[in-house]
Amino acid sequence: MGNVSAAELSKSASDLPSPPLLPPSPPTDIPKKIKVKETSGSAGVPPVEVDVNPGLYEDLHKQTKELFPQVFEGAKVIVAKGLSSHFQISHTITLSTFTPSVYRFGTTYIGTKQISPTESFPVLLGDIDSSGNMNANIIHAINQRIRAKLVAQFQPNKCVGHQVSLDYKGDDFTASLTTGNVDPLSSSGLLVAHYLQRITPSLALGAEIMYQRGQQVPGGEIAIMSLAGRWSGDKWQLSANLSPMAGNLHTCFYQKVNDTLQVGVELETSIRMAESTATVAYQIDIPKADVVFRGQLDSNWCIGAVIEKKLAPFPFTLALSGYGNHVKSQYRFGIGMIIG
């Protein structure tokens, strides 16, 4: 849903993220390209494709966020099997001493509606665990410019959360509208509107308006406005979003040093709480060894790292994870295997 509140931006230093070691999701967000003819004076110059759509507001910090290691604890085994060119299933077994051990079954379906060489719709993603908790995602392209997305979370015998999003991609702007947990009977729910405009080839500016209503909200309702910007070059990107009313600032910097090294810096500041957290993340690719290493270190003295090694010629990937909070003396280690 993007950056909609300070609670989503701030995380406790003792929290241990544990996302699954699943294969990457199919690409569903490709910036629109238009053909621009170079003015070089010579006739017959072929058109050059240039990215002019700024992408989604919620993806402002995506390049930096992708460098962060997805640390986990305990043992994890994932078996992924493609049943056809459109359908894939996965089995995930997680064994942990700090979180409940669980089995999870996941499915992915990619439809036959071809929007571009790298985009096909609809996309259906779902998974269910041994306790009956289920997540479902539906992404569909209504036409070349409009994307729709439905996300729902279920626990046994009830729906605990749902979200509907619509994205409109213009030639040089993107507008999005998201609703979450809307209940007309109790007059509660969340509404978020995003707008991102390409100003120059290297600069994009935008804004976000969040409105939430419900009994759990102080005063019954709240509205927060945020401003955002992204300044980018060939191998770097600086992005930021500021919420003056909430007193929050979130900035990220991304730099591709060379073909094997990428680094990123994230700064989260809460003016009201007088707190700031800075995190440095990096990714090292070693193609000759089929190794990818991601690491991070923040100002709270928390360090995490994940190394992934493909065991060629077998379809196996070995993952080793480590996390440490040196202030609280908390340490977590994990080993995982991806088959398929």
So for segment 196-217 (the condition being assigned to a strand (DSSP E or B), in contact (Cβ under 8 Å) with a residue 60 or more places away in the chain and open to solvent by 60 Å² or more (accessible area, probe 1.4 Å)), does at least one residue qualify? no
Scanning segment 246-269 residue by residue, those in a loop (DSSP other than H, G, I, E, B) and within 30 Å of Ala312 (Cβ to Cβ) turn out to be Val257, Asn258, Asp259, Thr260
Of the residues in segment 284-340 that are surrounded by 15 or more Cβ atoms within 10 Å (Cβ to Cβ) and of a type in the set (Phe, Trp, Tyr), the one that is farthest from Glu66 (Cα to Cα) is Tyr323
Would you please list the contacts, defined by Cβ atoms under 7 Å and residues six or more apart or on different chains, that run from a residue in segment 89-111 that is over 12 Å from Ser131 (Cβ atoms) and open to solvent by 70 Å² or more (accessible area, probe 1.4 Å) to a residue that is assigned to a strand (DSSP E or B) and aromatic (Phe, Trp, Tyr)? Ile93/Tyr103; Tyr109/Phe87
Quick check: is even one residue across segment 103-126 touching a strand residue (DSSP E or B) at 6+ places or on another chain (Cβ under 6 Å), among the polar types (S, T, N, Q), at pLDDT 95 or above and in a strand (DSSP E or B)? yes
Please pick out the residue among Leu185, Leu177 that is part of a loop (DSSP other than H, G, I, E, B) and over 27 Å from Ala274 (Cβ atoms). Leu185
Which one is nearest to Glu208 (Cα to Cα), of the residues in segment 146-170 that are of a type in the set (Lys, Arg) and open to solvent by less than 70 Å² (accessible area, probe 1.4 Å)? Lys169
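Is it fair to say Asn181 is polar (S, T, N, Q), surrounded by fewer than 16 Cβ atoms within 10 Å (Cβ to Cβ) and touching a residue at least 12 places away in the same chain (Cβ under 8 Å)?
Taking the combined requirement at face value, the residue satisfies it.
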Return the residues of segment 326-338 that are more than 18 Å from Ser96 (Cα to Cα) and touching a residue at least 24 places away in the same chain (Cβ under 8 Å); say none if nothing qualifies. His326, Val327, Lys328
Hey, can you tell me all the residues within segment 218-230 that are in contact (Cβ under 8 Å) with a residue 24 or more places away in the chain and not charged (D, E, K, R)? Ile224, Ser226, Ala228, Gly229
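The values are calculated or read from the model by the stated rules, or taken from the named source; none is laboratory data. Computed from a predicted model, the values in this text were never measured in an experiment. Cβ coordinates were reconstructed from backbone atoms using ideal geometry, including for glycine residues, and neighbour counts include every protein chain displayed. SASA here: full protein model, heavy atoms, side chains in, ligands and nucleic acids out. Shrake-Rupley method; radii C 1.70, N 1.55, O 1.52, S 1.80 Å.
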